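Read the figures in this text as sums done on the coordinates, not as results from a lab. Computed from a predicted structure; not experimentally measured. Quick reminder, even Gly has a Cβ in these numbers, built from the backbone with ideal geometry, and neighbours come from all protein chains shown.
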Amino acid sequence: MKVAPTAIPDVLVIEPKVFGDARGFFYESFNGKAFDEAVGRHVEFVQDNHSRSAKGVLRGLHYQLAQTQGKLVRVARGAVFDVAVDIRRSSSTFGQWVGVELTEDNHKQLWVPEGFAHGFLVLSESADFLYKTTDYYAPTHERAIRWDDKAIGIRWPDIGIAPILSSKDLAGHSMDQAELFEN
């Protein structure tokens, strides 16, 4: 497994070792011991999620204020542009974002720790998106920041169509009006 920090050092790109031949491929998508070593602490995942979305679907930017969730995300089919935004007020990278293309072919995973808003845009005709979380989904604590907040300035890829958003994401707050993490 190869691990590389992004421009925000707490967010990591993880590339598993892939063994492939004419029959297909095999890789270990998660190993608790290796993951803990990579992030420098013990992380316990309690929930796995799987979503399928059509091209142009943009999900996010989501986070939970209580029952905060770290997320290990990857794509099993298709391609997405995946984004993490640091919303920890006390962080030296507060308000900054990183984006990584995750595809079924590059097998990359992104570690998005607690204290970050997360979202993705589907680049392929459809995508199966998988993520492990460190706490359970808690709708009463879920919040959303607008995907197009100018204060953050995410440069989403141009895929030739307008993003398709849920009503929840359309109602997201701007960063200056959102409830954020104080530490």
| query | Does Gly95 count as in contact with a Gly (Cβ under 6 Å, 6 or more places away or on another chain) and either small (Gly, Ala, Ser) or not in a strand (DSSP E or B) (or both)? | reply | no
| query | Looking only at region 3-46, which residues are assigned to a strand (DSSP E or B), exposed (fewer than 13 other Cβ atoms within 10 Å of the Cβ) and within 18 Å of the chain's Cα centre (by Cα)? | reply | Ala4, Pro5
